[in-house]
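Colleague: Handing you a structure now.
The values are calculated or read from the model by the stated rules, or taken from the named source; none is laboratory data. Keep in mind the model is a prediction, meaning the values are calculated, not measured. Virtual Cβ from ideal backbone geometry, glycine too; neighbours counted across all protein chains shown. Accessible surface is based on the protein model in full, side chains and every heavy atom, while ligands, DNA and RNA are left aside. Shrake-Rupley method; radii C 1.70, N 1.55, O 1.52, S 1.80 Å.
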Amino acid sequence: MTTETITADASGTFGLGDLPVRRIGFGTMRLTGSAAFHHGTPSDRERSLAVLRKAVELGVNHIDTAAFYFSSLRSANELVNTALSPYPDDLVIATEVGPYRDYHGAWGTSARPDELRGHVEENLRQLGRDHLDLVHLRRMRQDSIAEHFGALAELRTAGLIRHLGISAVEPRHLTEALRIAPVVSVQNRYALDRPDPVGDELLRLCGEHGIAFVPFYAVAGEAGERGATAVHDDAVLSVARAHDATPAQVRIAWTLHQGPHVLAIPGTGNPGHLTENVAAGALRLTAAELTSLDQVRGQAT
Ligand SMILES: NC(=O)c1ccc[n+]([C@@H]2O[C@H](COP(=O)([O-])OP(=O)(O)OC[C@H]3O[C@@H](n4cnc5c(N)ncnc54)[C@H](OP(=O)(O)O)[C@@H]3O)[C@@H](O)[C@H]2O)c1
């Protein structure tokens, strides 16, 4: 497919609460360095800034980022601020709080509920904003998210946050959160090559409630934080060939075909991959192709 001229418009839109976004968004986790979670070579700064600007030029208006996406010399939030502020009016910046990293990048335990205000303020400072459009509480294996989510709901009431989301959750956590405050987004790991009954149920529940379901590692799939796999199932390769597309594009298109409320936030530091990922929003898969891809999912271990 000719990717250069396709914009994020082709993917359609969905509302994060009252904020409409194009269904192809962008995740910043891969902008800071060669190794996910940041201990490899820091990224080329100009290249990362160019990727962000190009994303917006291509119509992306949903950017997912976090203060804890940083490497020794790069901060994803600082790159977003430098590349994109003053921010376009329609740009929605989603962030995530809950995980904790020290100045050396080492992971600590989860933030306590009373620490979340500080984490929100760190995002505000780095992004140069006085409120955050959308903050996800990233569950760190807590059994109940009520206390943490309740703390974020207070920050929403105080005007620091416009909308709330949750991440790395099970359906019972969505029920728990909805008793406390409105939820506009659920961000979970979810991909073509990972059978995931819990994710399937969440995706369905989100559709029922008009909540966005936002998969991460949709391109990386089973490889997760290690990055995109070079090994692809025959069904993925065959659908890719039929559309003159790449396996990554098929994976993104499959994600978007899971429901009108499903958003994609592929992450890349590579300008060519960005163009390709945005263009994947124009790929329309046939029922037979979706069945063949669903079979991959069923067979994956
Ligand atoms: N809530 C959570 O717990 C959580 C966890 C992880 C991530 N996230 C968010 O979700 C976003 C998406 O996850 P992600 O960025 O880790 O994974 P991803 O989008 O599934 O995959 C990114 C990996 O695939 C490669 N890639 C991207 N586009 C490609 C293409 N067209 N062709 C070939 N390779 C391609 C990237 O490398 P190149 O840079 O070389 O393109 C990178 O290694 C993150 O950026 C972050 O915002 C949230």
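Colleague: Quick one: work out the % antiparallel among DSSP beta bridges in the chain, nearest 5.
Modeller: 20 percent
Colleague: Applying a 10 Å radius around every beta-carbon, put 176-189, 261-274 in order of their mean neighbour count, most first.
Modeller: Details: 176-189: 19.6, 261-274: 21.4.
Top of the packing list down: 261-274, 176-189.
Colleague: Would you calculate, for the chain, the mean residue ellipticity at 222 nm contributed by helices, counting each DSSP H stretch of 4 or more residues as -39,500 (n - 2.57) and dividing by all residues, to the nearest 500?
Modeller: -11000 deg cm²/dmol
Colleague: Follow-up. Could you check how much of the accessible area of the range 1-101 is carbon and sulfur, as a whole percent, using a 1.4 Å probe?
Modeller: Ligands and nucleic acids excluded, carbon and sulfur give 52 percent.
Colleague: Further question: Please report the accessible area of residue 49 (heavy atoms, 1.4 Å probe, ligands and nucleic acids excluded) in Å², nearest 10.
Modeller: Answer for residue 49: close to 10 Å² accessible.
Colleague: If you don't mind, there's one more thing I want to ask. Quick one: putting +1 on the C-beta of Lys and Arg, -1 on the C-beta of Asp and Glu, what dipole do you get for the chain around its Cα centre, in Debye to the nearest 20?
Modeller: 240 debye
Colleague: Further question: Taking only Cα atoms, what is the 0 to 90° angle, nearest 10, from helix 197-209's long axis to the longest principal axis of the chain?
Modeller: Between helix and principal axis, roughly 70 degrees.
Colleague: Based only on the alpha carbon positions, what is the Kirkwood hydrodynamic radius of the range 204-298, in angstrom?
Modeller: 13.8 Å
Colleague: Provide, for q = 0.14, 0.16, 0.17 Å⁻¹, the log10 of I(q)/I(0) from a solvent-free Debye sum over equal Cα point scatterers in the range 8-299.
Modeller: -1.01, -1.35, -1.53
Colleague: While we're here: Arranged from highest to lowest average of other beta-carbon atoms within 10 Å per residue, in what order do the peptides 216-223, 167-174, 20-27 appear?
Modeller: Numbers: 216-223: 22.2, 167-174: 19.2, 20-27: 24.8.
Put in order of decreasing packing, that is 20-27, 216-223, 167-174.
Colleague: Share of the range 156-301's accessible area from carbon and sulfur, percent, 1.4 Å?
Modeller: 53 percent
Colleague: All other residues with a Cβ under 15 Å from the Cβ of residue 289 taken together, and with Lys, Arg as +1 and Asp, Glu as -1, what is their net charge?
Modeller: Residues close to residue 289 contribute a combined charge of 0.
Colleague: If each residue of separation counts as 0.36 nm, what is the full-extension length gain between residue 9 and residue 114 once their alpha-carbon separation is subtracted?
Modeller: 33.8 nm
Colleague: If you don't mind, there's one more thing I want to ask. Given a 1.4 angstrom probe, what's the average accessible area per residue across the chain, in square angstrom?
Modeller: 42 Å²
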